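Worksheet: the structure to be examined is printed underneath.
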Amino acid sequence: MGAAQSGGQAQKYQDLADKTGFSTEQIRKLHSRFQYLTQDEDTLRREHLENLTNLALNPIKRQIIEAFFDKRNLGQNEKGCLQEIGFEEFVTVLSVFRPTKPRTAEDKKKTIKEEKLRFLFNMHDTDNDGVITLDEYRRVVEELLSSYETIEAETAKAISDAAMLEVASVTVGRMSPDEFYEGITFEQFMQILKDIEIETKMNVHFWNLDTRTMHCGK
């Protein structure tokens, strides 16, 4: 019986490895992490992530947590959020942060970069309408600046307003005269970040992963 269960678990790990690009050893470590977070329950809920030490001081903690429950990040062709997720969904979200392997083909790198940018876009498109409004963008900048104790609230607001106007000037400049400016589309978002090597910066080093902490790559 034990051997059969072990074999079944190994096959599940292999299936997830094939689906996400992780190794079976990384899947095993992630499963330990999942069990630690959920206290051996079958599903993960928001409250399981709320008290994580390495998220406590993150200025966009709320967006990061919500990203795990966003149906758009789970390969589902629908909008909205789930109340809880299983281990497969947990791994699916984390696969976005999988480091790019050496000697990855250029077309594959392009796909990986687009997937990561889509994930970031979804985090900021909080109302799921396919557009990051200037107000949504400004809130993100303000939240990021809030982690700096030396920056006062009014200064943070001024900086976020300036950032919002800069993005607007970039995107409006590419619009036709009859278009109405509503915010940043995903295509414009990709253009704004086209020079950022997001595929190498947005990752998690899984070889350092244990049941206590995650180490984010630079």
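The values are calculated or read from the model by the stated rules, or taken from the named source; none is laboratory data. All of these numbers come straight from a predicted model, not from anything done at the bench. Neighbour counts run over all protein chains shown; Cβ positions are idealised from the backbone, glycine included.
Here are a few things to note about the model shown:
- Check on A67, among the hydrophobic types (A, V, I, L, M, F, W, C) and either assigned by TED's automatic domain parsing to the domain that holds R118 or more than 19 Å from H124 (Cβ to Cβ) (or both): no
- Subset tally (residues that are of a type outside the set (S, T, N, Q), surrounded by fewer than 19 Cβ atoms within 10 Å (Cβ to Cβ) and assigned to a loop (DSSP other than H, G, I, E, B)) for region 99-129: 7
- One residue alone among F22, F90 is surrounded by 12 or more Cβ atoms within 10 Å (Cβ to Cβ), in contact (Cβ under 8 Å) with a residue 60 or more places away in the chain and assigned to a loop (DSSP other than H, G, I, E, B), and that residue is F22.
So that you can scan it fast, the table gives a plain yes or no per residue for (1) at pLDDT below 95; (2) closer than 23 Å to R139 by Cβ; (3) in a helix (DSSP H, G or I):
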residue	(1), (2), (3)
R33	yes, no, yes
E47	yes, no, yes
L55	yes, yes, yes
Q63	yes, yes, yes
N73	yes, yes, yes
E78	yes, no, no
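- Residue within region 36-44 that is of a type outside the set (G, A, S) and within 25 Å of V140 (Cβ to Cβ) present: yes
- Pairs meeting the criteria (first residue in region 33-50 and of a type in the set (V, I, T), second residue modelled with pLDDT of 95 or more and outside any helix (DSSP H, G or I), beta carbons under 6 Å, at least 6 apart or on different chains) are T38/L44; T43/E84; T43/G86.
- Residue within region 30-49 that is over 27 Å from I112 (Cβ atoms) and small (G, A, S) present: no
- Conditions (1) over 23 Å from I65 (Cα atoms); (2) at pLDDT 90 or above; (3) surrounded by fewer than 12 Cβ atoms within 10 Å (Cβ to Cβ); number of the one not met by D15: (3)
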